[in-house]
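Structure, as structure tokens:
The values are calculated or read from the model by the stated rules, or taken from the named source; none is laboratory data. What you are looking at is a predicted structure, and each value in this text was computed from that prediction instead of being measured. Cβ placement follows ideal geometry from the backbone for every residue including glycine, while neighbour counts extend to all protein chains displayed. Note: areas computed on protein heavy atoms with side chains; ligands, DNA, RNA excluded. Shrake-Rupley method; radii C 1.70, N 1.55, O 1.52, S 1.80 Å.
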Amino acid sequence: GDRSIIMAFRGAAKSWITAAYVLWLLYCDPQKKVLVVSGSLKRAVAFTNFCLALIREVPELQWLAPRPNQRQASQAFDVGPATPDQNPSFHAAGVMSQTVGFRADVVVPDDVETNTNSLTVLMREKIREAVKEYESVLKPGGHIKFLGTPHDYDSLYNHLVKTGIYTLRIWPARFPT
């Protein structure tokens with residue numbers, strides 16, 4: 001769906017699969033814009049660096065590598081075939097970062113809820129308010145793909161499902177025999 005959540009334990013490959021997905025989107029249309037948001041900028045930059053490394057290492061993706069005159073930083077990069085734009089092809093931000101002014105076809109909030117930023121009711125409310133901004137960043141026809149591991153019953157992901165806008169997939173770590 002256009003608004004979806006994938007919940008799973010750490011190490012279940014949520015980020016890896018979603019990185020492959022957004023690179024496939026850029027492969028199909030290099031003009032697309034991707035915003036990756038995490039609980040910390042450091043984590044979002046790691047996602048972006050992973051995608052940039054895949055572009056440089058996977059032969060089928062190498063044509064997407066940034067050209068010398070394009071952005072190619074850890075926090076933001078352009079794909080080679082993209083036409084010049086104010087917004088980079090790929091941009092990383094922390095959950096409490098300012099994203100107003102950025103426009104995206106795909107927003108990937110990857111672990112925006114962490115065990116440190118969701119300790120109190122007030123902190124969880126701040127996260128819920130911050131993620132509302134993603135709708136204003138999204139281009140018409142775009143989609144939001146939340147990835148996360150809930151940290152308590154009052155999780156952001158549970159609140160998003162209750163809105164009726166988001167579909168939820170839970171990837172279990174084990175299946176019963």
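General remarks:
- GNM result for the chain, Cα springs below 10 Å: residue of THR99, THR167, THR48 fluctuating most strongly: THR167
- Computed extension gain for PHE175 through ASN69, at 0.36 nm per residue and net of the alpha carbon distance, reaches 33.2 nm.
- Around SER4: net Lys/Arg minus Asp/Glu count, Cβ-Cβ under 11 Å: +2
- Among PHE9, PHE77, the order of accessible area from largest down is PHE9, PHE77, computed with a 1.4 Å probe on protein heavy atoms.
- The residues packed around VAL79, meaning those with a beta-carbon under 12 Å from its beta-carbon, carry a net charge of +2 if Lys and Arg are +1 and Asp and Glu are -1.
- Restricting segment 92-173 to trypsin sites (Lys or Arg not before Pro) in coil, as DSSP defines it, with at most 16 other Cβ within 10 Å: ARG103, LYS132
- Cα-based values for segment 66-177, radius of gyration first and Dmax second, are 16.5, 55 Å.
- Reachable lysines, given that their alpha-carbon falls under 17 Å from the alpha-carbon of LYS145 and they are not under 8 places away in the same chain: LYS14, LYS32, LYS33, LYS132, LYS162
- Label-point separation, VAL121 to CYS28 (7 Å along Cα→Cβ), nm: 4.4
- Estimated D of segment 124-177 in µm² per second, where Rh is the Kirkwood radius over Cα pairs and Stokes-Einstein applies at 20 °C, 1.002 mPa s: 165
- Residue by residue, segment 134-143 carries 3J(HN,Hα) couplings of 4, 4, 6, 7, 6, 6, x, x, x, 9 Hz when phi is fed to the Karplus relation 6.51 cos²θ - 1.76 cosθ + 1.60 (θ = phi - 60°); x denotes Gly or Pro.
- Kirkwood-Stokes translational diffusion coefficient of segment 1-149, alpha-carbon pairs, 25 °C, 0.890 mPa s, µm²/s: 159
- Environment charge of ILE165, counting only residues whose C-beta is closer than 14 Å and scoring Lys/Arg +1, Asp/Glu -1: +3
- Alpha carbon convex hull of segment 108-152, volume per residue in cubic angstrom: 63
- Under the membrane-span-like helix rule (DSSP H runs whose alpha carbons stretch at least 20 Å along the helix axis, mean Kyte-Doolittle hydropathy 0.5 or higher), the chain yields 14-28, 41-57.
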